[in-house]
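Right, one structure below, let's go through it.
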Amino acid sequence: MTAGTAVRGSRARRFEPASYERKWRDRWEREGLYVARDDAAGEKHYLLTMYPYTSGDLHVGHWYAVTGPDIVARMRRMQGYNVMFPMGFDSFGLPAENAAIDRGIHPAVWTSTNIDRMRAQFRTTGCSFDWSRELASSDPGYYRWTQWIFLQLYRAGLAYRAAAAVDWCPKDQVVLAREQVLGTERRCWRCGTPVDKRDLEQWFFRITNYADELLSGVDGLDWPEPIKLMQRNWIGRSEGAEIDFPVTLPDGSNERIRVFTTRPDTVYGATFMVMAPEHPLVSVLTAPERRTDVEAYVSAARRQTEIERLSADREKSGVSIGAYATNPMTQEQIPIWIADYVLMGYGTGAIMAVPAHDERDYAFARRYDLPIRYVVLPRGGSPPEGEPFVQHTADEVLVESGEFTGMPASEAIGAISRQLADLGLGGPAVTYRLRDWLVSRQRYWGPPIPIVYCNEHGAQPVPESELPVQLPADVNFAPTGVSPLQSHAGFLRATCPVCGASARRETDTMDTFVDSAWYYLRYASPKNDTRAWEPEQVREWLPVDLYTGGAEHAVLHLLYGRFLTKALRDLGLLSFDEPWLRLRNQGQILGADHARMSKSRGNVQNPDDLTAAYGADTVRAFLMFIGPWDQGGPWSPTGIDGIHRWLGRVWDAALPATDGARDTPGDEDLLGTGDEMTRALRRATHVAIAGVTDDYEGFRFNTAIAKLMELTNAIVREREAGMAGSRGYAQAVDALLLLLAPVAPHIAEELWSRRGRPYSIHRQSWPIHDPGLAAATTIELPVQVDGKLRDRLVVTPDTPADEIERLALGSERVQAYLGGRPPARVIHVPGRLVNVVTPRH
């Protein structure tokens, strides 16, 4: 059957989704069927899927992402929960601004048009979103509170401004947070352009204050293990020691170069220091005669990617800056170099070079003829020839290490760290890969940072009564490398809240990940215009019970949201530690060619066309049937027809036996007293209830649909056997529709109505299975003679083993092979088979 073709029953009752799907969607919305009511009965359940960026069109990937959680939301309502399942739009950011530049249209207009289109498309999916709670991050009524949150962090010392070498996307002309620079190739997360470095004054959030709690908190979350591992690795906790190497500046003053090492026991072998070319002390310490060479090297290093700088195959290069530091343990003067294999973004941007025990330092020392001193060796061992000693063995001891010589390395790590602390030159320390969150953006389409600058009083927060600081509409937002707001005189003009004098407004806007770090809170009271959220509603609904979305946000959105939740908790604004208790990630729908869907490949599937041809239920069910939801799979151009045929069979099986008749489920025990076929159907029904419920809970939608297909087949067999008028048959059909309703809500509602059941199926109680009815009443055991099948036994699962053996030996077919002789032995594999071994002649 092709798309759009009717499936006919005995009286040509046509299966035509277009005839009823919109009717039901309109009624559901008109009657507020899915509106979460704060005062409703039932345990509250907050289910949230990541709000989408306003790209303008939903593709099948969007359908795939939202249908899974919608199935769970629908089941939860039927299970008696008061479910909140809202939807909104991530409407700030570069794509809108770039589209506006390309099309000559204002970002606000482009965004608003796209929201209207996407909202209409979302409704077509049949998802049970509560649209009464809709929000958009570019709405001044929303970003007013994003700015308010910034001010709370600022007053608490968690938001600060500092000069820093930042990552810069030359294509988008914007600063990137460290998490938005992908891979060792250092490419922009959004456009893939190689990233440069620039020195700018920027705003940061002190996410590093929460590094330990962010790390330890991961363990208690019901999240996919790969996501938890990514967060652990990104936070990157390392234990070791900080060591200060004193240096004398050209003006005679003293400074220290701090390093972090996990092996302080090797400090006696530090024969030189290496600083990242970007280290701020490089320009201060460089001797005049070395300045030309150093500046040239620094410039060249900034143009390289991290993968080039860290390549193991690349010959190490560097330049001496003509200055010296003091090894705090040996008191030796050791030369200071810069080298591109040291990165400012890792550790402190400087290392103590121990060439005898590090391969990179060894290669560097060999090239530039620097001293190599072995200070850790196996007990009684000798230094290796022509290579560093980098093995870590239990019997390592220190050599040529002053008072620590002979001490096991494992003990020396702590002993040397403690002595450094006593000397005031370092000590035990923990370091993190995590860096503070850079939130400044030099672009237009984002929430303005609510700070003004006064000549007398410096940076001052905008009074909360003046929020939101609104974006002006008449701005030239072409990318120039500085914020477009810098050229808007009206926006720049401000008043100092301290003295009333003229002040200049901050022109950076916030990273749009700030918007999404708290949006889950706003859904609890989205219309409140006096506060960011209503505390009572937040206490009732939060934290989020189930969160779904893409795994690509593991160290961006998810980490930022966790940080902000903890910061707001510490400010007394929230009472919980984690925003999302349970997380599930969807996989990716690929093209029929098994490649990622893209317009350039020509393998994109338009969901609007599919819905027009097959109906929304067919598209939903097919997407969920493609494969495990957390893995995705390739689109099949023919597979959707099979799903459409299945729903057609459901249609035929569920319609009344005669025109105008109504099947009525009986009120007797489901076990009933019918014949074997009726009992078999009832067992199939309870098996399906148990299996589908468990699969929905576990996001195994593909196997749930397979079980629904099995139940459909069982019902069709009963119908063909003339059982359509029985109460057991009616009960099985009702159970099928109830189980089907989360996946295919329109056809379930239509058939439920046609069968005379009370409106709406989505308000009915979720069926509960009877374990006794779901269990098999009999089992079939193959009976073999010398390994070959000769007969079958039908017995109950609790039949004793000796009785099974007696029945097997009593089989006429088995006796024919035994010829009246006793068997050599009988092998009984419980629940599997019986094998009779004949005696040898």
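Test each condition in (1) open to solvent by 10 Å² or more (accessible area, probe 1.4 Å); (2) in contact (Cβ under 8 Å) with a residue 40 or more places away in the chain; (3) not aliphatic (A, V, I, L, M) for residue 76 and report the one that comes out false.
It is condition (2) that residue 76 fails.
Among (1) surrounded by fewer than 19 Cβ atoms within 10 Å (Cβ to Cβ); (2) touching a residue at least 12 places away in the same chain (Cβ under 8 Å); (3) at negative phi, which single condition is residue 353 missing?
With respect to (1) surrounded by fewer than 19 Cβ atoms within 10 Å (Cβ to Cβ); (2) touching a residue at least 12 places away in the same chain (Cβ under 8 Å); (3) at negative phi, residue 353 is out only on (1).
Say we look at the range 488-499 and pick out the residues that are in a loop (DSSP other than H, G, I, E, B) and more than 20 Å from residue 104 (Cα to Cα); which of these is least open to solvent (accessible area, probe 1.4 Å)?
Within the range 488-499, the match that is least open to solvent (accessible area, probe 1.4 Å) is 496.
Limited to the range 735-794, what total is found for residues that are among the acidic types (Asp, Glu), open to solvent by 40 Å² or more (accessible area, probe 1.4 Å) and on the phi < 0 side of the Ramachandran plot?
2
Just name the residue that is farthest from residue 252 (Cα to Cα) out of those in the range 281-301 that are of a type outside the set (Asp, Glu) and open to solvent by 70 Å² or more (accessible area, probe 1.4 Å).
292
From the list 362, 341, 368, 374, which one is within 47 Å of the chain's Cα centre (by Cα), crowded, with 22+ Cβ neighbours inside 10 Å and hydroxyl-bearing (Ser, Thr, Tyr)?
Going through 362, 341, 368, 374 in turn, just one is within 47 Å of the chain's Cα centre (by Cα), crowded, with 22+ Cβ neighbours inside 10 Å and hydroxyl-bearing (Ser, Thr, Tyr): 362.
Cβ-Cβ under 7 Å, sequence separation 6+ or interchain: first residue in the range 243-254 and modelled with pLDDT of 95 or more, partner of a type in the set (S, T, N, Q). Which pairs?
Final answer for the pair search is 243/261; 245/326; 245/327; 246/254; 246/326.
Restricted to the range 3-28, and to residues that are among the basic types (Lys, Arg) and modelled with pLDDT under 95, which residue is nearest to residue 129 (Cα to Cα)?
Residue satisfying both the conditions and the ranking: 14.
If you go through the range 459-511, how many residues are in contact with a helix residue (DSSP H, G or I) (Cβ under 8 Å, 6 or more places away or on another chain) and of a type in the set (Val, Ile, Thr)?
Going through the range 459-511 one residue at a time, the tally reaches 5.
Hey, can you tell me all the residues within the range 333-362 that are within 19 Å of residue 376 (Cα to Cα) and of a type in the set (Asp, Glu)?
Answer for the range 333-362, where residues must be within 19 Å of residue 376 (Cα to Cα) and of a type in the set (Asp, Glu): 358, 359, 361.
What are the pairs, 6+ residues apart or on separate chains, where a residue within the range 665-692 that is modelled with pLDDT under 90 and open to solvent by 60 Å² or more (accessible area, probe 1.4 Å) has its Cβ under 6 Å from a residue that is outside any helix (DSSP H, G or I) and among the hydroxyl-bearing types (Ser, Thr, Tyr)?
Between residues of the range 665-692 that are modelled with pLDDT under 90 and open to solvent by 60 Å² or more (accessible area, probe 1.4 Å) and residues that are outside any helix (DSSP H, G or I) and among the hydroxyl-bearing types (Ser, Thr, Tyr), there is no close pair.
If I filter the range 21-43 for residues that are hydrophobic (A, V, I, L, M, F, W, C), free of Cβ contacts under 8 Å to residues at least 12 places away in the same chain, surrounded by fewer than 23 Cβ atoms within 10 Å (Cβ to Cβ) and outside any helix (DSSP H, G or I), do I get at least one hit?
There is no residue in the range 21-43 that is hydrophobic (A, V, I, L, M, F, W, C), free of Cβ contacts under 8 Å to residues at least 12 places away in the same chain, surrounded by fewer than 23 Cβ atoms within 10 Å (Cβ to Cβ) and outside any helix (DSSP H, G or I).
Does the range 632-664 hold any residues that are part of a loop (DSSP other than H, G, I, E, B) and at pLDDT 90 or above, and which are they?
Within the range 632-664, just 655 meets the criteria.
How about the range 505-545: which of its residues are open to solvent by less than 20 Å² (accessible area, probe 1.4 Å), among the polar types (S, T, N, Q) and assigned to a loop (DSSP other than H, G, I, E, B)?
507, 525
Tell me, which residue of the range 546-570 that is charged (D, E, K, R), modelled with pLDDT of 95 or more and farther than 12 Å from residue 221 by Cα is surrounded by the most Cβ atoms within 10 Å (Cβ to Cβ)?
It comes out as 566.
Among the residues of the range 442-487, how many are touching a strand residue (DSSP E or B) at 6+ places or on another chain (Cβ under 9 Å), part of a loop (DSSP other than H, G, I, E, B) and not small (Gly, Ala, Ser)?
15
Restricting attention to the range 131-154, report how many residues are over 25 Å from residue 569 (Cβ atoms) and over 25 Å from the mean Cα position of the chain (by Cα).
3
Quick check on my filter: what residues within the range 693-727 are closer than 24 Å to residue 640 by Cα and open to solvent by less than 20 Å² (accessible area, probe 1.4 Å)?
Residues satisfying the conditions are 695, 696, 699, 701, 704, 705, 708, 711, 712, 714, 715.
Kindly list, by first and then second residue, each pair from a residue in the range 480-500 that is over 17 Å from residue 464 (Cα atoms) to a residue that is open to solvent by 60 Å² or more (accessible area, probe 1.4 Å) and of a type outside the set (D, E, K, R), limited to pairs with Cβ atoms under 7 Å and residues at least 6 apart or on different chains.
Short answer, once both residue conditions are applied: 484/476; 487/476.
Any chance you could count how many residues in the range 571-604 are without any contact (Cβ under 8 Å) to a residue 12 or more places away in the chain, open to solvent by 60 Å² or more (accessible area, probe 1.4 Å) and more than 19 Å from the chain's Cα centre (by Cα)?
Matching residues across the range 571-604 total 5.
Which one of these does residue 807 not meet: (1) open to solvent by 40 Å² or more (accessible area, probe 1.4 Å); (2) in a loop (DSSP other than H, G, I, E, B); (3) among the hydrophobic types (A, V, I, L, M, F, W, C)?
(2)
At pLDDT 95 or above, on the phi < 0 side of the Ramachandran plot and in contact with a Ser or Thr (Cβ under 6 Å, 6 or more places away or on another chain) - does that describe any residue in the range 404-414?
No; the residues of the range 404-414 include none that is at pLDDT 95 or above, on the phi < 0 side of the Ramachandran plot and in contact with a Ser or Thr (Cβ under 6 Å, 6 or more places away or on another chain).
So which residues in the range 50-84 are of a type in the set (Gly, Ala, Ser) and part of a loop (DSSP other than H, G, I, E, B)?
55, 56, 80 - these are the residues of the range 50-84 that are of a type in the set (Gly, Ala, Ser) and part of a loop (DSSP other than H, G, I, E, B).
Check residue 319 against each of (1) farther than 20 Å from residue 293 by Cβ; (2) of a type in the set (A, V, I, L, M, F, W, C); (3) touching a helix residue (DSSP H, G or I) at 6+ places or on another chain (Cβ under 9 Å) and name the one condition it does not meet.
For residue 319, the failing item is (1).
If you go through the range 24-56 one residue at a time, how many are within 29 Å of the chain's Cα centre (by Cα) and of a type in the set (Asp, Glu)?
Looking only at that region, the number is 2.
Scan (1) of a type in the set (Asp, Glu); (2) open to solvent by 50 Å² or more (accessible area, probe 1.4 Å); (3) in contact (Cβ under 8 Å) with a residue 60 or more places away in the chain; (4) in contact with a helix residue (DSSP H, G or I) (Cβ under 9 Å, 6 or more places away or on another chain) for the single condition residue 134 breaks and write down its number.
(2)
From the list 224, 246, 194, exactly one residue is under 30 Å from residue 326 (Cβ atoms), surrounded by fewer than 17 Cβ atoms within 10 Å (Cβ to Cβ) and touching a strand residue (DSSP E or B) at 6+ places or on another chain (Cβ under 8 Å). Which is it?
Step by step, each of 224, 246, 194 is checked, and only 246 is under 30 Å from residue 326 (Cβ atoms), surrounded by fewer than 17 Cβ atoms within 10 Å (Cβ to Cβ) and touching a strand residue (DSSP E or B) at 6+ places or on another chain (Cβ under 8 Å).
Do you know which of the residues in the range 85-107 that are part of a helix (DSSP H, G or I) and aliphatic (A, V, I, L, M) is nearest to residue 124 (Cα to Cα)?
Ranking the qualifying residues of the range 85-107, first place goes to 96.
The values are calculated or read from the model by the stated rules, or taken from the named source; none is laboratory data. Values in this document were obtained by computation on a predicted structure and should not be read as measured data. Cβ coordinates were reconstructed from backbone atoms using ideal geometry, including for glycine residues, and neighbour counts include every protein chain displayed. What goes into the accessible areas is simple: the full protein's heavy atoms, side chains included, and nothing from ligands, DNA or RNA. Shrake-Rupley method; radii C 1.70, N 1.55, O 1.52, S 1.80 Å.
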